[in-house]
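Novice: Sending over a structure as structure tokens; questions will come in a sec.
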Amino acid sequence: MTAERRKEPMDSDTATDPTADTAASPEALRAEMVEKVRKAGYAQREEVERVLRDTPRHEFVPEADLKSAYNPWQAVITHRFDDGRSLSCASAPFVVAMMLDQLDVQPGNRVLEIGAGTGYNASLLARLTGRADLVTTIDIDPDVTAQASRNLTTAGHADVHAITGDGGLGYADHAPYDRLIATVSPWDIPAAWWQQLAPGARLVAPLRWRGQARSVGFTYTDGRLVSDSIYLCGFVYLVNADEGELSGPITADETVKLHWDRDQPVDLDALRGVLDQPRTTAWSGVTIAGDESHDGIWLRLTVTDQRVCRIDAHSDVAPEVCDPIQAFRSPALVDGDSLAYLTSRRQTNGDEVRWELGAIGHGPAAAELSEHLCDEIRDWTPERDRCKPTLIVYPAATPESELAGPAIDKTHSRFLLTYDDVAG
């Protein structure tokens, strides 16, 4: 058996498909796209599969070639900020399918979409609810809503309400909504969204906490939001929202950064230069296959350890300096002037290739943090297939006595995440 450092991403959620499409027509490419999406486990609802097959995605992204328009794993960026960051895009089809499965739109539902994008998702929503006039899509950028409106009119859905405004405020004129979906990533559930939901409504949003982003499907019941699905994802941030995620560099050249929530006592000054201190590496003995996701470790850590946050390293950073399991997105534990982060190494045994999970630490408490992270990996292993995480979101004014455990406090809400093995 030999060991080698892992370089490529591991999560199946973010994998790309290297195969080349040879079909010429949009219809054939679209059918192939849907088949790949379903094979990957998305578009499991019959009606979601139907609208994906019936809607010509390439007409909503005319700047993309047909192969890109119908690549199941590829987002198409349509607008950028002046500094080059993406402002708006058409989400990858597998993500669209995943979130529509979560949303469970029924005929006649009144739907609000936060983030208009190209109008493609609003077109799918109009087909799902059966009446375009029941769909409202809102975006803060007038160019985005103008493009979405043009595309929706061309697609025969001119009755969709494309509104220019602050998505964080929702759109009270058409409330209450039976379904609310955010295709931009909020750090919190804005107060207006709570107020505009009908009893029993479903809400799907790519929420952020402890440095990660996950598409969460909720039902609004008894004044709270209770999840029934949580999937790893990544989205453009909701503009003008009350932001509570902080970030900053820990290297002089700013190529390695931390991201954390404002309720976490991270002292960036104490951590600058920590990677220059001796490295401590620990291995858990837990291995996974190359196509097996490890992201459940991070999700579970948000329950078991309030010190968890995110580390990311620029692609040019040498592994001798910083070697997280995924350069752009990996969990880390921070304690004062020390940190440890998730890493991996290649293990081969004949033709079998697996990846051993471990931790790299720096700072005075490096050994303790690294071993603790390995313990968390080992604890995650036996329960990963049997324990289901649940996120319950309460209004901010909910007292401690009504919570089943410690909450992550936001501005308008309180997040309580539980696991079968730790929640009791």
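The values are calculated or read from the model by the stated rules, or taken from the named source; none is laboratory data. Owing to the predicted nature of the structure, the values given are computational and were not obtained by experimental measurement. We place every Cβ from the backbone using ideal geometry, glycine too, and count neighbours over all the protein chains shown. These area figures cover heavy atoms from the full protein model, side chains too; ligands, DNA and RNA do not enter into them. Shrake-Rupley method; radii C 1.70, N 1.55, O 1.52, S 1.80 Å.
Novice: Can you tell me what share of the DSSP beta bridges in the chain is antiparallel? A percent to the nearest 5 is fine.
Specialist: 80 percent
Novice: Highest GNM mean-square fluctuation, the chain, Cα pairs closer than 10 Å: which of Ser370, Ser413, Ser247?
Specialist: Ser247
Novice: Give me the dipole magnitude in Debye, nearest 20, for region 217-364 about the Cα centre, with unit charges on the beta carbon: positive for Lys and Arg, negative for Asp and Glu.
Specialist: I would put it at about 220 debye.
Novice: Hey, quick one: spin label on Glu63, modelled 7 Å out along Cα-Cβ, who in region 120-150 has an amide N within reach, i.e. under 12 Å?
Specialist: 144, 147
Novice: Still on this structure: Leaving out ligands and nucleic acids, and using a 1.4 Å probe, what accessible area per residue does the chain come to in Å²?
Specialist: 41 Å²
Novice: Output the 0 to 90 degree angle, nearest 10, between the alpha-carbon long axis of helix 142-154 and the longest principal axis computed from the alpha carbons of the chain.
Specialist: That helix lies at roughly 50 degrees to the long axis.
Novice: Applying 1/(1 + (r/R0)^6) with R0 = 56 Å to the Cβ-Cβ distance of Arg50 and Ala318, what FRET efficiency is obtained, to the nearest 0.05?
Specialist: 0.70
Novice: Shape of region 254-402 from its Cα gyration tensor (a ≥ b ≥ c, root eigenvalues): rounded if a/c is under 1.5, otherwise prolate when a/b > b/c, or oblate?
Specialist: oblate
Novice: Further question: Using the beta-carbon distance between Thr411 and Asp351 and R0 = 56 Å, what value does 1/(1 + (r/R0)^6) give for FRET efficiency, to the nearest 0.05?
Specialist: Given R0 = 56 Å and the Cβ-Cβ separation, E is 0.60.
Novice: Would region 209-295 count as rounded, prolate or oblate if I go by the C-alpha gyration tensor, calling it rounded below 1.5 in a/c and otherwise prolate when a/b exceeds b/c, oblate otherwise?
Specialist: oblate
Novice: Moving on to the next point. Going by a ≥ b ≥ c, the root eigenvalues of the Cα gyration tensor, does region 352-404 fall in the rounded group (a/c under 1.5), the prolate group (a/b larger than b/c) or the oblate group?
Specialist: Cα axes put region 352-404 in the oblate bin.
Novice: Rounded to the nearest 500, what is the 222 nm mean residue ellipticity of the chain from helices alone, with -39500 (n - 2.57) per DSSP H run of 4+ residues and division by all residues?
Specialist: Dividing the helical sum by the residues of the chain leaves -7000 deg cm²/dmol.
Novice: Cross-link list Lys39/Lys388; Lys388/Lys410; Lys67/Lys257; Lys36/Lys388: which exceed 30 angstrom alpha carbon to alpha carbon?
Specialist: Violating the 30 Å limit, Cα to Cα: Lys67/Lys257.
Novice: Rounding to the nearest 20 debye, state how big the charge dipole of the chain is about its Cα centre with +1 on each Lys and Arg Cβ and -1 on each Asp and Glu Cβ.
Specialist: 760 debye
Novice: Could you order Lys36, Lys257, Lys388 by accessible surface area, starting with the largest, using a probe radius of 1.4 Å?
Specialist: From most exposed to least exposed: Lys388, Lys257, Lys36.
Novice: Also: Which of Ala404, Val321, Ala367 sits farthest toward the positive end of the charge dipole of region 316-420, with +1 on the Cβ of Lys and Arg and -1 on the Cβ of Asp and Glu?
Specialist: Ranked along the dipole, the leading option is Ala404.
Novice: Got a number for carbon plus sulfur as a percent of the chain's accessible area, 1.4 Å probe?
Specialist: It is 48 percent, rounded to a whole number.
Novice: When the chain is treated as a GNM, springs tying every alpha-carbon pair under 10 Å, which of Gly156, Gly117, Gly290 comes out with the largest mean-square fluctuation?
Specialist: Maximum fluctuation in the GNM of the chain, among the listed residues, is at Gly156.
Novice: Please sort by residue number the trypsin sites (Lys or Arg not before Pro) in region 323-424 whose DSSP state is loop and whose Cβ has at most 12 other Cβ atoms within 10 Å.
Specialist: For trypsin sites (Lys or Arg not before Pro) across region 323-424 that sit outside H, G, I, E and B with at most 12 neighbouring Cβ atoms in 10 Å, the list reads Arg386.
Novice: Sort 62-74, 134-146, 200-212 by the packing proxy (mean of other Cβ within 10 Å over each peptide's residues), most packed first.
Specialist: Highest mean packing first, the order is 200-212, 134-146, 62-74.
Novice: Something else about it: Taking the chain as a Gaussian network, Cα atoms linked when under 10 Å apart, which of Phe235, Phe218, Phe328 shows the biggest mean-square fluctuation?
Specialist: Greatest mean-square fluctuation among the candidates belongs to Phe328.
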